[in-house]
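Novice: Dropping a structure here in C-alpha coordinates format, bear with me for questions.
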There are 2 protein chains.
Amino acid sequence: MQVLVPFATDAPKTRLEPALSADERRAFARAMLADVLDAVGEAGHDPRVLSTGPVSVEAPVTIDERPLSEAVNAALDAHFGEDSSGADDPVAVVMADLALATPGALGRLFAEPGDVVFAPGRGGGTNAFVSRQPDFRVDYHGTSYLDHREIAGDVGAEIGVVDSFRLATDVDEPADLVEVLCHGDGRAREFLDAAGFELETTDGRVTVSRRDRP
Amino acid sequence: MQVLVPFATDAPKTRLEPALSADERRAFARAMLADVLDAVGEAGHDPRVLSTGPVSVEAPVTIDERPLSEAVNAALDAHFGEDSSGADDPVAVVMADLALATPGALGRLFAEPGDVVFAPGRGGGTNAFVSRQPDFRVDYHGTSYLDHREIAGDVGAEIGVVDSFRLATDVDEPADLVEVLCHGDGRAREFLDAAGFELETTDGRVTVSRRDRP
(Lines give C-alpha, C1' and ligand atoms only; values in the text may rest on other atoms or scores of the structure.)
Protein backbone atom coordinates (compact mmCIF):
# COMPACT_ATOMS: atom_id res chain seq x y z
CA MET A 1 0.00 0.00 0.00
CA GLN A 2 1.24 3.47 -0.84
CA VAL A 3 1.42 5.51 2.38
CA LEU A 4 1.80 9.27 2.01
CA VAL A 5 3.03 11.35 4.94
CA PRO A 6 2.44 15.08 4.35
CA PHE A 7 5.03 17.38 5.90
CA ALA A 8 5.37 21.17 6.00
CA THR A 9 9.00 22.28 6.05
CA ASP A 10 8.36 25.98 6.62
CA ALA A 11 7.71 27.14 10.20
CA PRO A 12 6.35 23.83 11.44
CA LYS A 13 4.39 23.45 14.69
CA THR A 14 3.88 27.14 15.44
CA ARG A 15 1.36 26.37 18.19
CA LEU A 16 4.21 24.81 20.19
CA GLU A 17 5.80 28.27 20.41
CA PRO A 18 5.15 28.61 24.17
CA ALA A 19 7.25 25.49 24.78
CA LEU A 20 9.91 25.32 22.05
CA SER A 21 12.06 27.77 20.07
CA ALA A 22 11.77 27.92 16.26
CA ASP A 23 14.85 25.72 15.82
CA GLU A 24 13.55 23.27 18.41
CA ARG A 25 10.12 23.09 16.78
CA ARG A 26 11.84 22.34 13.48
CA ALA A 27 13.91 19.53 15.03
CA PHE A 28 10.94 18.16 16.99
CA ALA A 29 8.75 18.09 13.87
CA ARG A 30 11.46 16.11 12.06
CA ALA A 31 11.76 13.72 15.01
CA MET A 32 8.01 13.05 14.88
CA LEU A 33 8.17 12.59 11.10
CA ALA A 34 10.98 10.04 11.48
CA ASP A 35 8.93 8.16 14.12
CA VAL A 36 5.91 8.04 11.81
CA LEU A 37 8.03 6.82 8.87
CA ASP A 38 9.54 4.10 11.08
CA ALA A 39 6.10 2.98 12.26
CA VAL A 40 4.76 2.81 8.69
CA GLY A 41 7.80 0.79 7.64
CA GLU A 42 7.49 -1.59 10.58
CA ALA A 43 3.82 -2.02 9.73
CA GLY A 44 5.04 -3.45 6.43
CA HIS A 45 4.53 -0.55 4.03
CA ASP A 46 6.77 1.90 2.20
CA PRO A 47 6.09 5.49 3.18
CA ARG A 48 6.56 8.47 0.88
CA VAL A 49 6.87 11.99 2.26
CA LEU A 50 4.71 14.61 0.57
CA SER A 51 6.67 17.69 1.52
CA THR A 52 6.30 21.42 0.89
CA GLY A 53 10.09 21.65 0.49
CA PRO A 54 13.29 19.61 0.54
CA VAL A 55 13.69 17.44 3.62
CA SER A 56 16.31 14.84 4.45
CA VAL A 57 14.61 11.62 5.51
CA GLU A 58 15.00 7.89 5.01
CA ALA A 59 12.12 7.70 2.55
CA PRO A 60 11.35 8.97 -0.93
CA VAL A 61 10.06 12.55 -1.04
CA THR A 62 7.59 14.21 -3.39
CA ILE A 63 7.74 18.00 -3.21
CA ASP A 64 4.51 19.91 -3.64
CA GLU A 65 4.42 23.48 -2.39
CA ARG A 66 0.65 23.77 -2.36
CA PRO A 67 -1.50 23.75 0.78
CA LEU A 68 -2.21 20.39 2.40
CA SER A 69 -5.60 19.58 0.84
CA GLU A 70 -4.47 20.52 -2.67
CA ALA A 71 -1.25 18.53 -2.41
CA VAL A 72 -3.03 15.43 -1.04
CA ASN A 73 -5.74 15.65 -3.71
CA ALA A 74 -3.09 15.92 -6.43
CA ALA A 75 -1.46 12.80 -5.01
CA LEU A 76 -4.84 11.00 -4.97
CA ASP A 77 -5.40 12.11 -8.59
CA ALA A 78 -2.01 10.70 -9.54
CA HIS A 79 -2.59 7.45 -7.66
CA PHE A 80 -6.08 6.72 -8.94
CA GLY A 81 -5.73 8.46 -12.32
CA GLU A 82 -6.46 6.64 -15.57
CA ASP A 83 -2.81 6.42 -16.48
CA SER A 84 -1.86 5.11 -13.07
CA SER A 85 -1.07 1.53 -12.27
CA GLY A 86 -2.22 2.18 -8.70
CA ALA A 87 -5.90 2.45 -9.46
CA ASP A 88 -6.61 -0.96 -7.91
CA ASP A 89 -4.39 -0.41 -4.89
CA PRO A 90 -5.41 1.43 -1.76
CA VAL A 91 -3.58 4.56 -0.71
CA ALA A 92 -3.12 5.87 2.82
CA VAL A 93 -2.39 9.35 4.15
CA VAL A 94 -0.89 9.56 7.63
CA MET A 95 -0.09 12.88 9.33
CA ALA A 96 3.54 13.51 10.26
CA ASP A 97 2.81 14.64 13.84
CA LEU A 98 1.36 11.38 15.15
CA ALA A 99 4.18 10.93 17.64
CA LEU A 100 2.44 8.01 19.35
CA ALA A 101 1.84 6.02 16.14
CA THR A 102 2.97 2.41 16.43
CA PRO A 103 3.11 -0.37 13.83
CA GLY A 104 0.24 -2.01 15.70
CA ALA A 105 -2.02 1.04 15.61
CA LEU A 106 -1.25 1.68 11.93
CA GLY A 107 -1.73 -2.01 11.19
CA ARG A 108 -5.27 -1.79 12.59
CA LEU A 109 -5.94 1.20 10.32
CA PHE A 110 -4.56 -0.56 7.26
CA ALA A 111 -6.50 -3.77 8.00
CA GLU A 112 -9.87 -2.21 8.83
CA PRO A 113 -12.51 -3.00 6.19
CA GLY A 114 -14.08 -0.16 4.25
CA ASP A 115 -13.72 1.80 1.03
CA VAL A 116 -12.50 4.77 3.04
CA VAL A 117 -11.25 4.14 6.57
CA PHE A 118 -10.61 7.03 8.95
CA ALA A 119 -8.52 7.49 12.06
CA PRO A 120 -10.19 10.55 13.60
CA GLY A 121 -8.04 13.05 15.45
CA ARG A 122 -8.95 15.05 18.49
CA GLY A 123 -10.86 18.23 17.79
CA GLY A 124 -12.64 16.98 14.69
CA GLY A 125 -9.51 16.31 12.65
CA THR A 126 -8.61 13.48 10.28
CA ASN A 127 -5.25 12.14 11.40
CA ALA A 128 -5.00 9.30 8.92
CA PHE A 129 -7.09 7.48 6.35
CA VAL A 130 -6.96 4.66 3.84
CA SER A 131 -8.82 5.05 0.56
CA ARG A 132 -9.82 2.26 -1.77
CA GLN A 133 -12.32 4.55 -3.49
CA PRO A 134 -10.88 6.39 -6.53
CA ASP A 135 -13.28 9.34 -6.22
CA PHE A 136 -12.66 10.26 -2.58
CA ARG A 137 -10.93 13.62 -2.14
CA VAL A 138 -9.96 15.60 0.98
CA ASP A 139 -10.71 18.96 2.57
CA TYR A 140 -8.72 19.37 5.77
CA HIS A 141 -10.23 22.69 6.82
CA GLY A 142 -12.35 22.76 9.99
CA THR A 143 -14.09 19.62 11.26
CA SER A 144 -12.46 17.58 8.53
CA TYR A 145 -13.51 14.26 10.05
CA LEU A 146 -17.21 15.06 9.62
CA ASP A 147 -16.61 16.67 6.22
CA HIS A 148 -14.59 13.67 5.06
CA ARG A 149 -17.34 11.28 6.15
CA GLU A 150 -19.79 13.33 4.09
CA ILE A 151 -17.47 13.41 1.05
CA ALA A 152 -16.95 9.64 1.32
CA GLY A 153 -20.69 9.07 1.61
CA ASP A 154 -21.36 11.30 -1.41
CA VAL A 155 -19.11 9.13 -3.61
CA GLY A 156 -20.80 5.96 -2.38
CA ALA A 157 -17.94 4.74 -0.21
CA GLU A 158 -18.46 2.31 2.63
CA ILE A 159 -16.91 4.07 5.64
CA GLY A 160 -14.69 2.41 8.23
CA VAL A 161 -13.32 3.95 11.40
CA VAL A 162 -10.42 2.81 13.54
CA ASP A 163 -10.73 3.66 17.24
CA SER A 164 -7.15 4.49 18.31
CA PHE A 165 -5.92 6.89 20.98
CA ARG A 166 -2.44 6.72 19.45
CA LEU A 167 -3.67 7.74 16.01
CA ALA A 168 -6.05 10.36 17.47
CA THR A 169 -3.16 12.15 19.16
CA ASP A 170 -1.56 14.73 16.88
CA VAL A 171 0.98 16.87 18.69
CA ASP A 172 0.13 20.54 18.16
CA GLU A 173 0.14 22.31 21.51
CA PRO A 174 2.23 22.23 24.69
CA ALA A 175 -0.48 20.17 26.45
CA ASP A 176 0.02 17.45 23.84
CA LEU A 177 3.63 16.99 24.99
CA VAL A 178 2.17 15.24 28.06
CA GLU A 179 1.04 12.42 25.77
CA VAL A 180 4.51 12.03 24.24
CA LEU A 181 6.11 11.85 27.70
CA CYS A 182 3.49 9.35 28.92
CA HIS A 183 3.22 7.07 25.90
CA GLY A 184 6.02 7.80 23.41
CA ASP A 185 9.24 5.84 23.06
CA GLY A 186 10.79 7.06 19.81
CA ARG A 187 12.80 10.03 18.61
CA ALA A 188 10.17 12.58 19.62
CA ARG A 189 10.23 11.29 23.19
CA GLU A 190 14.04 11.30 23.19
CA PHE A 191 14.02 14.88 21.94
CA LEU A 192 11.78 16.02 24.80
CA ASP A 193 13.78 14.08 27.39
CA ALA A 194 17.03 15.63 26.11
CA ALA A 195 15.46 19.10 26.08
CA GLY A 196 14.64 18.73 29.80
CA PHE A 197 10.89 18.25 29.67
CA GLU A 198 9.23 16.43 32.55
CA LEU A 199 5.71 15.66 33.64
CA GLU A 200 4.35 17.86 36.40
CA THR A 201 1.12 17.57 38.36
CA THR A 202 -0.54 20.80 39.45
CA ASP A 203 -4.00 20.88 41.01
CA GLY A 204 -4.62 17.34 39.82
CA ARG A 205 -3.89 18.23 36.19
CA VAL A 206 -0.81 16.92 34.43
CA THR A 207 1.31 19.37 32.45
CA VAL A 208 4.92 19.54 31.32
CA SER A 209 7.68 21.60 32.87
CA ARG A 210 11.19 22.15 31.61
CA ARG A 211 14.33 21.84 33.68
CA ASP A 212 16.81 24.69 33.52
CA ARG A 213 19.69 23.52 31.45
CA PRO A 214 23.26 23.99 32.70
CA MET B 1 -17.47 -9.51 35.03
CA GLN B 2 -18.24 -6.98 37.73
CA VAL B 3 -17.99 -3.48 36.24
CA LEU B 4 -17.85 -0.59 38.66
CA VAL B 5 -18.63 2.93 37.49
CA PRO B 6 -17.55 5.55 40.06
CA PHE B 7 -19.70 8.67 40.19
CA ALA B 8 -19.50 11.87 42.26
CA THR B 9 -22.92 13.32 43.02
CA ASP B 10 -21.72 16.56 44.60
CA ALA B 11 -20.76 19.42 42.26
CA PRO B 12 -19.84 17.22 39.32
CA LYS B 13 -17.81 18.46 36.34
CA THR B 14 -16.73 21.80 37.79
CA ARG B 15 -14.24 22.37 34.95
CA LEU B 16 -17.20 22.64 32.58
CA GLU B 17 -18.27 25.80 34.42
CA PRO B 18 -17.40 28.10 31.47
CA ALA B 19 -19.88 26.20 29.30
CA LEU B 20 -22.66 24.93 31.57
CA SER B 21 -24.52 26.11 34.69
CA ALA B 22 -24.38 24.04 37.88
CA ASP B 23 -27.76 22.45 37.13
CA GLU B 24 -26.73 21.73 33.56
CA ARG B 25 -23.44 20.17 34.67
CA ARG B 26 -25.38 17.95 37.02
CA ALA B 27 -27.76 16.84 34.27
CA PHE B 28 -24.94 16.40 31.75
CA ALA B 29 -22.91 14.28 34.18
CA ARG B 30 -25.96 12.03 34.68
CA ALA B 31 -26.47 11.79 30.90
CA MET B 32 -22.86 10.64 30.47
CA LEU B 33 -23.27 8.15 33.34
CA ALA B 34 -26.39 6.70 31.70
CA ASP B 35 -24.51 6.38 28.39
CA VAL B 36 -21.65 4.53 30.08
CA LEU B 37 -24.05 2.19 31.91
CA ASP B 38 -25.82 1.44 28.63
CA ALA B 39 -22.53 0.70 26.87
CA VAL B 40 -21.40 -1.64 29.66
CA GLY B 41 -24.74 -3.44 29.53
CA GLU B 42 -24.65 -3.76 25.74
CA ALA B 43 -21.10 -5.12 26.04
CA GLY B 44 -22.65 -7.97 28.00
CA HIS B 45 -21.86 -7.05 31.60
CA ASP B 46 -23.81 -5.76 34.58
CA PRO B 47 -22.59 -2.40 35.78
CA ARG B 48 -22.73 -1.18 39.37
CA VAL B 49 -22.47 2.50 40.23
CA LEU B 50 -20.03 3.36 43.00
CA SER B 51 -21.48 6.69 44.05
CA THR B 52 -20.61 9.32 46.66
CA GLY B 53 -24.34 9.82 47.28
CA PRO B 54 -27.80 8.65 46.23
CA VAL B 55 -28.38 8.67 42.48
CA SER B 56 -31.31 7.41 40.44
CA VAL B 57 -30.03 5.14 37.68
CA GLU B 58 -30.98 1.88 36.01
CA ALA B 59 -28.25 -0.06 37.79
CA PRO B 60 -27.47 -1.12 41.36
CA VAL B 61 -25.70 1.55 43.41
CA THR B 62 -23.12 1.22 46.17
CA ILE B 63 -22.71 4.42 48.16
CA ASP B 64 -19.24 5.28 49.45
CA GLU B 65 -18.60 8.87 50.44
CA ARG B 66 -14.82 8.57 50.41
CA PRO B 67 -12.58 10.04 47.71
CA LEU B 68 -12.27 8.12 44.44
CA SER B 69 -9.12 6.10 45.12
CA GLU B 70 -10.24 5.03 48.60
CA ALA B 71 -13.70 4.03 47.41
CA VAL B 72 -12.33 2.03 44.46
CA ASN B 73 -9.74 0.31 46.65
CA ALA B 74 -12.44 -0.62 49.17
CA ALA B 75 -14.43 -2.14 46.32
CA LEU B 76 -11.34 -4.05 45.13
CA ASP B 77 -10.79 -5.26 48.71
CA ALA B 78 -14.38 -6.47 48.85
CA HIS B 79 -14.18 -8.15 45.44
CA PHE B 80 -10.90 -9.95 45.94
CA GLY B 81 -11.15 -10.41 49.71
CA GLU B 82 -10.84 -13.85 51.31
CA ASP B 83 -14.52 -14.03 52.11
CA SER B 84 -15.52 -13.01 48.64
CA SER B 85 -16.78 -15.33 45.97
CA GLY B 86 -15.38 -12.94 43.37
CA ALA B 87 -11.71 -13.70 43.97
CA ASP B 88 -11.45 -15.68 40.76
CA ASP B 89 -13.41 -13.22 38.66
CA PRO B 90 -12.00 -10.11 37.06
CA VAL B 91 -13.31 -6.70 38.03
CA ALA B 92 -13.44 -3.58 35.86
CA VAL B 93 -13.60 0.09 36.77
CA VAL B 94 -14.90 2.44 34.09
CA MET B 95 -15.13 6.21 34.60
CA ALA B 96 -18.58 7.77 34.34
CA ASP B 97 -17.56 10.60 32.00
CA LEU B 98 -16.53 8.48 29.01
CA ALA B 99 -19.28 9.93 26.83
CA LEU B 100 -17.90 8.25 23.69
CA ALA B 101 -17.72 4.75 25.19
CA THR B 102 -19.34 2.14 22.96
CA PRO B 103 -19.99 -1.57 23.56
CA GLY B 104 -17.30 -2.26 20.96
CA ALA B 105 -14.64 -0.15 22.64
CA LEU B 106 -15.47 -1.59 26.08
CA GLY B 107 -15.56 -5.09 24.59
CA ARG B 108 -11.97 -4.62 23.40
CA LEU B 109 -10.97 -3.57 26.94
CA PHE B 110 -12.74 -6.53 28.53
CA ALA B 111 -11.24 -9.00 26.03
CA GLU B 112 -7.64 -7.72 26.06
CA PRO B 113 -5.26 -10.25 27.68
CA GLY B 114 -3.39 -9.25 30.83
CA ASP B 115 -3.61 -9.42 34.60
CA VAL B 116 -4.30 -5.70 34.66
CA VAL B 117 -5.48 -4.03 31.45
CA PHE B 118 -5.59 -0.26 31.15
CA ALA B 119 -7.45 2.16 28.93
CA PRO B 120 -5.28 5.27 29.31
CA GLY B 121 -6.97 8.65 29.29
CA ARG B 122 -5.66 11.87 27.88
CA GLY B 123 -3.34 13.79 30.16
CA GLY B 124 -1.90 10.76 31.93
CA GLY B 125 -5.18 9.52 33.36
CA THR B 126 -6.59 6.03 33.78
CA ASN B 127 -10.04 6.04 32.24
CA ALA B 128 -10.80 2.37 32.69
CA PHE B 129 -9.13 -0.85 33.71
CA VAL B 130 -9.77 -4.53 34.19
CA SER B 131 -8.01 -6.33 37.03
CA ARG B 132 -7.53 -10.08 37.33
CA GLN B 133 -4.81 -9.53 39.95
CA PRO B 134 -6.10 -9.56 43.56
CA ASP B 135 -3.27 -7.32 44.84
CA PHE B 136 -3.61 -4.43 42.40
CA ARG B 137 -4.84 -1.18 43.98
CA VAL B 138 -5.37 2.32 42.59
CA ASP B 139 -4.07 5.83 43.14
CA TYR B 140 -5.84 8.27 40.82
CA HIS B 141 -3.83 11.35 41.76
CA GLY B 142 -1.56 12.88 39.09
CA THR B 143 -0.25 10.79 36.19
CA SER B 144 -2.26 7.83 37.35
CA TYR B 145 -1.64 5.82 34.18
CA LEU B 146 2.10 5.70 34.82
CA ASP B 147 1.59 5.18 38.56
CA HIS B 148 -0.88 2.36 37.93
CA ARG B 149 1.54 0.65 35.56
CA GLU B 150 4.16 0.81 38.29
CA ILE B 151 1.76 -0.50 40.95
CA ALA B 152 0.72 -3.34 38.64
CA GLY B 153 4.35 -4.17 37.91
CA ASP B 154 5.18 -4.16 41.62
CA VAL B 155 2.56 -6.84 42.32
CA GLY B 156 3.83 -8.99 39.44
CA ALA B 157 0.94 -8.32 37.09
CA GLU B 158 1.24 -8.77 33.35
CA ILE B 159 0.08 -5.45 31.93
CA GLY B 160 -2.23 -5.01 28.95
CA VAL B 161 -3.24 -1.77 27.26
CA VAL B 162 -6.18 -1.07 24.98
CA ASP B 163 -5.58 1.66 22.41
CA SER B 164 -8.95 3.43 22.15
CA PHE B 165 -9.71 7.06 21.36
CA ARG B 166 -13.23 6.57 22.68
CA LEU B 167 -12.04 5.29 26.04
CA ALA B 168 -9.24 7.90 26.19
CA THR B 169 -11.77 10.72 25.94
CA ASP B 170 -13.07 11.77 29.33
CA VAL B 171 -15.21 14.88 29.19
CA ASP B 172 -13.86 17.43 31.65
CA GLU B 173 -13.48 20.77 29.89
CA PRO B 174 -15.40 22.80 27.32
CA ALA B 175 -12.95 21.73 24.57
CA ASP B 176 -13.96 18.11 25.22
CA LEU B 177 -17.53 18.91 24.16
CA VAL B 178 -16.20 19.00 20.59
CA GLU B 179 -15.59 15.26 20.83
CA VAL B 180 -19.15 14.58 22.03
CA LEU B 181 -20.60 16.61 19.15
CA CYS B 182 -18.31 14.89 16.61
CA HIS B 183 -18.50 11.29 17.81
CA GLY B 184 -21.27 10.88 20.39
CA ASP B 185 -24.75 9.56 19.73
CA GLY B 186 -26.24 8.94 23.15
CA ARG B 187 -27.86 10.97 25.90
CA ALA B 188 -24.84 13.24 26.39
CA ARG B 189 -24.94 14.21 22.73
CA GLU B 190 -28.71 14.75 22.91
CA PHE B 191 -28.22 16.96 25.96
CA LEU B 192 -25.71 19.19 24.15
CA ASP B 193 -27.85 19.36 21.01
CA ALA B 194 -30.89 20.36 23.07
CA ALA B 195 -28.85 22.94 24.98
CA GLY B 196 -27.95 24.62 21.69
CA PHE B 197 -24.30 23.62 21.35
CA GLU B 198 -22.80 23.52 17.88
CA LEU B 199 -19.38 23.00 16.39
CA GLU B 200 -17.60 26.16 15.30
CA THR B 201 -14.36 26.55 13.37
CA THR B 202 -12.20 29.56 14.21
CA ASP B 203 -8.68 30.02 12.80
CA GLY B 204 -8.65 26.37 11.78
CA ARG B 205 -9.42 25.14 15.30
CA VAL B 206 -12.71 23.54 16.14
CA THR B 207 -14.55 24.70 19.25
CA VAL B 208 -18.15 24.73 20.44
CA SER B 209 -20.50 27.67 20.45
CA ARG B 210 -23.95 27.94 21.95
CA ARG B 211 -27.03 29.31 20.26
CA ASP B 212 -29.07 31.86 22.13
CA ARG B 213 -32.16 30.15 23.34
CA PRO B 214 -35.56 31.74 22.74
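Novice: With unit charges on the beta carbons (Lys and Arg positive, Asp and Glu negative) and the dipole taken about the Cα centre of chain A, which residue among A:57, A:133, A:181 sits farthest to the positive side?
Specialist: After comparing all options, I get A:181.
Novice: Can I ask one more? Which shape class applies to region B:89-163: rounded if a/c is under 1.5, otherwise prolate when a/b exceeds b/c and oblate if not, where a ≥ b ≥ c are the square roots of the Cα gyration tensor eigenvalues?
Specialist: oblate
Novice: Give me the Kirkwood hydrodynamic radius of chain A, using the inverse of the mean 1/r over all pairs of distinct Cα atoms, in Å to one decimal.
Specialist: It works out to 17.7 Å.
Novice: Right, here's the next one. Please give the solvent-accessible surface of residue B:140 in Å², to the nearest 10, using a probe radius of 1.4 Å with every protein chain present.
Specialist: Its heavy atoms expose roughly 40 Å² to the probe.
Novice: Could I ask something else about it? Over region B:29-176, with the other protein chains present, what is the accessible area per residue in square angstrom, probe 1.4 angstrom?
Specialist: Per-residue accessible area for region B:29-176 comes out at 39 Å².
Novice: Between residue A:193 and residue B:210, what's the calculated FRET efficiency when r is the beta-carbon distance and R0 is 45 Å? Round to 0.05.
Specialist: Efficiency for this residue pair is about 0.65.
Novice: So for the pair residue B:63, residue B:111, with labels modelled 7 Å out along Cα→Cβ, what separation do we get in nm?
Specialist: Inter-label distance under the simple model: 3.9 nm.
Novice: Which whole-Hz couplings ³J(HN,Hα) result when phi for each residue of region A:149-164 is put into the Karplus expression 6.51 cos²θ - 1.76 cosθ + 1.60, θ = phi - 60°, listed in order with x for Gly and Pro?
Specialist: 4, 5, 4, 5, x, 5, 9, x, 7, 7, 9, x, 9, 9, 8, 9
Novice: Per residue of region B:170-183, what does 6.51 cos²θ - 1.76 cosθ + 1.60 with θ = phi - 60° give for ³J(HN,Hα)? Whole Hz please, x for Gly and Pro, Karplus curve as stated.
Specialist: For region B:170-183, the Karplus curve yields 8, 9, 10, 10, x, 4, 5, 5, 3, 5, 5, 6, 7, 10 Hz.
Novice: While we're here: So which residue, out of A:103, A:54, A:12, gets the largest mean-square fluctuation from a GNM of chain A using Cα contacts under 10 Å as springs?
Specialist: Evaluated over chain A, the most mobile residue of the options is A:54.
Novice: Continuing with the same structure: Alpha carbons only, please: Rg and Dmax for region B:41-138, in angstrom.
Specialist: 13.4, 37
Novice: Taking amide hydrogens as modeled 1.01 Å from N in the peptide plane, which residues meet the under 5 Å criterion relative to residue A:126, leaving out close sequence neighbours?
Specialist: A:121, A:144, A:145
Novice: Say we join alpha carbon atoms closer than 10 Å with springs in a Gaussian network model of chain A; which of A:167, A:146, A:16 then has the biggest fluctuation?
Specialist: Comparing A:167, A:146, A:16 in a Gaussian network model of chain A, the most mobile one is A:146.
Novice: A further question follows. Residues of region A:148-192 that become at least 50 Å² less accessible with every protein chain present than in their own chain isolated, using 1.4 Å: which are they?
Specialist: Those residues are A:163, A:165, A:182, A:183.
Novice: Sort shortest first the distances from residue B:63 to its counterpart in every other copy, using label points 7 Å along the Cα-to-beta-carbon line, and give them in nm.
Specialist: Result, one decimal in nm: 7.1.
Novice: Ignoring everything except DSSP H segments at least 4 long, calculate the 222 nm mean residue ellipticity for chain A; use -39,500 (n - 2.57) per segment, divide by total residues, nearest 500.
Specialist: Calculated at 222 nm, the ellipticity per residue is -10000 deg cm²/dmol.
Novice: What does the copy distance list look like for residue B:113, label position 7 Å along Cα→Cβ, in nm and ordered from shortest?
Specialist: Copy-to-copy label distances for residue B:113: 2.5 nm.
Novice: Let me cross-check residue B:155: its accessible surface, 1.4 Å probe, with only protein heavy atoms counted, in Å² to the nearest 10?
Specialist: That residue has around 50 Å² of solvent-accessible surface.
Novice: Please check: in the Gaussian network model of chain A (C-alpha springs, under 10 Å), which one of A:39, A:27, A:168 has the largest mean-square fluctuation.
Specialist: Of A:39, A:27, A:168, the most mobile in the Gaussian network model is A:27.
Novice: Still on this structure, I have one more. Hey, got the Cα dimensions of region A:88-214 along the principal axes, in Å, largest first?
Specialist: Projected onto the principal axes, the Cα atoms of region A:88-214 cover 57, 26, 22 Å.
Novice: Please give, to one decimal in nm, the separation of the simple spin-label points placed at residue A:10 and residue B:11, each 7 Å out from Cα toward the Cβ.
Specialist: 5.0 nm
Novice: Which percent, to the nearest 5, of DSSP beta bridges fully inside region B:1-150 are antiparallel?
Specialist: Among the beta bridges of region B:1-150, antiparallel pairing accounts for roughly 45 percent.
Novice: Binned at 10 Å from 0, what are the whole-percent values of the Cα-Cα distance distribution for region A:137-199, short to long?
Specialist: 18, 36, 22, 19, 4
Novice: Another question, if that's okay. Let me check something: with ligands and nucleic acids excluded, how do B:209, A:164 order by accessible area (1.4 Å probe), largest to smallest?
Specialist: Result of the area sort, largest leading: B:209, A:164.
Novice: Let me ask something else. One decimal, nm, shortest first: give the distances between the label point of residue A:207 and those of the same position in the other copies, each label point 7 Å from Cα along Cα→Cβ.
Specialist: Result, one decimal in nm: 1.9.
Novice: Between the alpha-carbon centers of region B:43-63 and region B:112-140, tell me the distance in whole angstrom.
Specialist: 20 Å
Novice: Roughly how many percent of the accessible protein surface of the protein assembly as shown is carbon and sulfur, given a 1.4 Å probe and a whole-percent answer?
Specialist: 44 percent
Novice: Another one. Which residue in chain B puts its Cβ closest to the axis that rotates chain B onto chain A, and at what distance in whole Å?
Specialist: Result for the B and A rotation: B:165, 2.
Novice: So what is log10(I(q)/I(0)) for the protein assembly as shown at q = 0.06, 0.07, 0.09, 0.10 1/Å, when the Debye sum runs over its Cα atoms only?
Specialist: -0.26, -0.35, -0.59, -0.72
Novice: Tell me, what ³J(HN,Hα) does each residue in region B:33-41 have, in order and in whole Hz, if you take phi through Karplus 6.51 cos²θ - 1.76 cosθ + 1.60 with θ = phi - 60° and put x for Gly and Pro?
Specialist: Those phi angles translate into 4, 4, 4, 5, 4, 4, 5, 4, x Hz.
The values are calculated or read from the model by the stated rules, or taken from the named source; none is laboratory data. Keep in mind it's a predicted model, so treat the numbers as computed, not measured. Cβ sites come from the backbone with ideal geometry, for glycine too, and all protein chains shown count toward neighbours. To get the accessible areas, we keep the full protein, side chains included, count just its heavy atoms, and leave off ligands, DNA and RNA. Shrake-Rupley method; radii C 1.70, N 1.55, O 1.52, S 1.80 Å.
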